[in-house]
Amino acid sequence: MRLPTLKWTGERLELIDQTLLPTELAIVACDDAAAVHDAIKRLVVRGAPAIGVAAAYGVLMAAREMLTADPAAMRARVGEAAAYLETARPTAVNLAWAVRRMAAAARADAATGPALYARLETEARAIEEEDRDANRRMGRFGAALLRDGDAVLTHCNAGALATVDYGTALGVIYAAAEQGKRISVYADETRPLLQGARLTAWELVQAGIPTTLICDGAAATVLAQGRVNAVIVGADHVAANGDAANKIGTMGLAVLARRFLVPFYVAAPLSTVDVEIPSGAAIRIEERDPSEVASFAGVRVAPVGVDVYNPAFDVTPARLIDGIITEAGVARPPYGTSLAALKHGRG
């Protein structure tokens, strides 16, 4: 059974604390924008679509603080909260997309006070529902790429925990299984924070999908041995030309997949596609705390004094991607044309 990653109660936002999985299932309640910012920053909630939805509700709670204020002050607070929440994590475009959409909704509506708040709550709920619907449609398009008996290699977590409740890359696997296809998964552990081991493996076991966990360094061997029929990953930011930023280590998988003639797919909603940037060179890559690499499970494993480089993401060149699975269809090279067509409803 898949549990909802987040839940808006009408008063607060409840999040599964993903830092504690799989050993503990706990809920974190956020009552204001600052709490949502902290939850995104600390990876209580993570995954590009999920943090976008969470941040939309963070903007909503900021608006609630100003219900009795002057309308201009309320709109200003919405804009401030949107800009603040956007700083929580820099790479995932869905975060900026969602909070800017909330700010635009506030500017475009002449309502005031409770009526404006109601308008913003409708917008936040719409962002949530659109994600849920997009994941289901993405799953169906992606499932058509898999055959009965296929094994899929995936990296990091692009499942229900990274979205509202279904997933992007894992949504493809869930959809294929729902169609009766027997699909198995190889899940990279995904150093340094083990999202594959802690989250993806947990999700897939809960869903009854046969899953084999491997260390990141074993991926080359698994591909060389012909154990895998496809590699499917998510993405946090896709450029207009199809270059895709995803969890660090993804680019290496794409290189290996090309070497061993295994198709490599990216699954991401169109909100992740940023047609405003021409290539992945313009994607800002988040660098995280060195302690994530120097320590393991809270215990330091590297010598004091060693330098650490800890980029959270890398950018896979479009030339290594065989298809980008979206809710409007599967884009194929050249992505500058196909993604734009899907983004603007011409697919």
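The values are calculated or read from the model by the stated rules, or taken from the named source; none is laboratory data. The structure presented is a predicted model; accordingly, all values stated were derived computationally and were not measured. Glycine gets a Cβ as well: all are built from the backbone with ideal geometry, and neighbour counts include every protein chain shown.
Brief remarks on what is shown
- Residues that are surrounded by 19 or more Cβ atoms within 10 Å (Cβ to Cβ) and either hydroxyl-bearing (Ser, Thr, Tyr) or modelled with pLDDT under 95 (or both) within region 184-206 comprise Tyr186, Thr190, Thr200, listed in sequence order.
- Qualifying residue in region 286-304 (condition: surrounded by 15 or more Cβ atoms within 10 Å (Cβ to Cβ), closer than 28 Å to Val152 by Cα and within 19 Å of the chain's Cα centre (by Cα)): yes
- The set of residues from region 263-285 being β-branched (Val, Ile, Thr) and either in contact with a strand residue (DSSP E or B) (Cβ under 6 Å, 6 or more places away or on another chain) or not in a loop (DSSP other than H, G, I, E, B) (or both) comprises Val266, Thr272, Val273, Ile277, Ile283, Ile285.
- Boolean, Ala105 is surrounded by fewer than 22 Cβ atoms within 10 Å (Cβ to Cβ) and within 27 Å of Val273 (Cα to Cα): yes
- Any hit, region 125-144, residues being in a loop (DSSP other than H, G, I, E, B), among the charged types (D, E, K, R), out of contact with any His (no Cβ under 6 Å at 6 or more places or on another chain) and not assigned by TED's automatic domain parsing to the domain that holds Asp314: no
- Consider region 291-333 and keep the residues that are in a loop (DSSP other than H, G, I, E, B) and touching a Gly at 6+ places or on another chain (Cβ under 8 Å). The one that is nearest to Glu129 (Cα to Cα) is Ala328.
- All conditions in (1) in contact (Cβ under 8 Å) with a residue 60 or more places away in the chain; (2) farther than 20 Å from Arg42 by Cα hold for Asn310, with the sole exception of (2).
- Odd one out for Ala175, checked against (1) at pLDDT 95 or above; (2) assigned by TED's automatic domain parsing to the domain that holds Ala35; (3) in contact with a Lys or Arg (Cβ under 8 Å, 6 or more places away or on another chain): (2)
- Flag if Ala218 is touching a strand residue (DSSP E or B) at 6+ places or on another chain (Cβ under 7 Å) and either more than 30 Å from Asp274 (Cα to Cα) or hydrophobic (A, V, I, L, M, F, W, C) (or both): no
- Of all the numbered requirements in (1) aliphatic (A, V, I, L, M); (2) over 24 Å from Glu287 (Cβ atoms); (3) at pLDDT 95 or above, Leu67 misses one, and that requirement is (3).
- Taken together, the residues in region 150-178 that are part of a loop (DSSP other than H, G, I, E, B) and farther than 13 Å from Arg136 by Cβ amount to 5.
- Conditions (1) in the same structural domain as Ile248 (by TED's automatic domain parsing); (2) modelled with pLDDT under 95; number of the one not met by Gly159: (2)
- Residues that are of a type in the set (Gly, Ala, Ser) and in a strand (DSSP E or B) within region 179-204 comprise Ser184, Ala187, listed in sequence order.
- Among residues of region 217-251, those that are touching a residue at least 60 places away in the same chain (Cβ under 8 Å) and outside any strand (DSSP E or B), counted: 17
- Cross-chain or 6+ apart pairs with Cβ under 6 Å, region 187-207 first and under 17 Å from Ser295 (Cα atoms) and in contact (Cβ under 8 Å) with a residue 24 or more places away in the chain, then surrounded by fewer than 21 Cβ atoms within 10 Å (Cβ to Cβ) and of a type outside the set (Asp, Glu): Glu189/Ala197; Glu189/Cys215; Pro192/Val293; Arg198/Leu21; Arg198/Pro22
- Just one residue in the set Ala340, Ala331 is over 20 Å from Arg136 (Cα atoms), among the hydrophobic types (A, V, I, L, M, F, W, C), under 22 Å from the mean Cα position of the chain (by Cα) and at pLDDT 95 or above; that residue is Ala340.
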